[in-house]
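Data first, discussion second: the structure below is written as structure tokens.
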Amino acid sequence: MTIESATCEDVASIECYFKRLDMEEETDLDDYTVGVLDVFPYILSEKEAEHLLSSFENHNLKYEVRFIETIRKVFYKNGKEVLIYCPNINEYFLEHTEEESLLTKDIVRLQSDVFKVTSEKYLEEFIKLSTRELQFSNFYFLNIPTVIIGNYDLSFPVYCLKKVDFDWICKQAKQEGLFIRQ
């Protein structure tokens, strides 16, 4: 199977490295190298944001493939496995999805918030939910202790326990035309 519910051991592993599933709420970041995977190498001014982020098609959809490719590279480096925390995904699919995609059927069948994904296809679907701001996920790569957090305006926080892994991800992002700003 290419998607399954994460086991209790999987969740314990996440919590061992990152203290919690909802890593975006963590305030003690001293153990991590932290950056933001983004289209821009700096924080936009309000005026720049108004101009550059004004259209979903000209921002989110335009750069989506770059995020997919960058996260896919991390997925491969991690051994083609990722744990994905996506709270309320079941409710989202039950309320908002009219088409019966394979992902929709599997999510509803699994009834979980944490998934073990070993398929690029499922990984890409979760990434698209985040890049399209429909449902944000935390992508945990435990073999290279890293979490990438889906967020608004294609500004995805990245937390790495090892600086070498952070530097490698920065290089991969740059190859895809993205930046990780610190």
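The values are calculated or read from the model by the stated rules, or taken from the named source; none is laboratory data. Bear in mind that the values here come from a model prediction, so they are computed numbers and not experimental data. Backbone-built Cβ (ideal geometry, glycine too); neighbour counts: all protein chains shown. Just the protein is used for accessible areas: all its heavy atoms, side chains included, with ligands, DNA and RNA removed. Shrake-Rupley method; radii C 1.70, N 1.55, O 1.52, S 1.80 Å.
Values for this structure:
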{"item": "Residue check for Thr118: of a type in the set (S, T, N, Q) and free of Cβ contacts under 8 Å to residues at least 24 places away in the same chain", "result": "no"}
{"item": "Failed item, numbered, when Leu53 is tested on (1) open to solvent by less than 70 Å² (accessible area, probe 1.4 Å); (2) closer than 22 Å to Cys160 by Cα", "result": "(2)"}
{"item": "Residue match in the stretch 66-80 (condition: touching a residue at least 40 places away in the same chain (Cβ under 8 Å), open to solvent by less than 30 Å² (accessible area, probe 1.4 Å), under 21 Å from Lys174 (Cα atoms) and not in a helix (DSSP H, G or I))", "result": "yes"}
{"item": "Tyr92 of a type outside the set (D, E, K, R), part of a helix (DSSP H, G or I), open to solvent by 20 Å² or more (accessible area, probe 1.4 Å) and touching a residue at least 12 places away in the same chain (Cβ under 8 Å)", "result": "yes"}
{"item": "Matching residues in the stretch 58-84 - criterion: being among the aliphatic types (A, V, I, L, M) and under 16 Å from Ala6 (Cβ atoms)", "result": "Val82, Leu83, Ile84"}
{"item": "Number of the condition not met by Asp30 [criteria: (1) part of a loop (DSSP other than H, G, I, E, B); (2) of a type in the set (D, E, K, R); (3) closer than 20 Å to Leu123 by Cβ]", "result": "(3)"}
{"item": "Flag if Val164 is under 14 Å from the mean Cα position of the chain (by Cα), aliphatic (A, V, I, L, M) and under 22 Å from Leu37 (Cα atoms)", "result": "no"}
{"item": "Matching entry among Tyr32, Tyr63, Tyr17 (being buried (at least 16 other Cβ atoms within 10 Å of the Cβ), farther than 19 Å from Cys170 by Cα and touching a residue at least 40 places away in the same chain (Cβ under 8 Å))", "result": "Tyr17"}
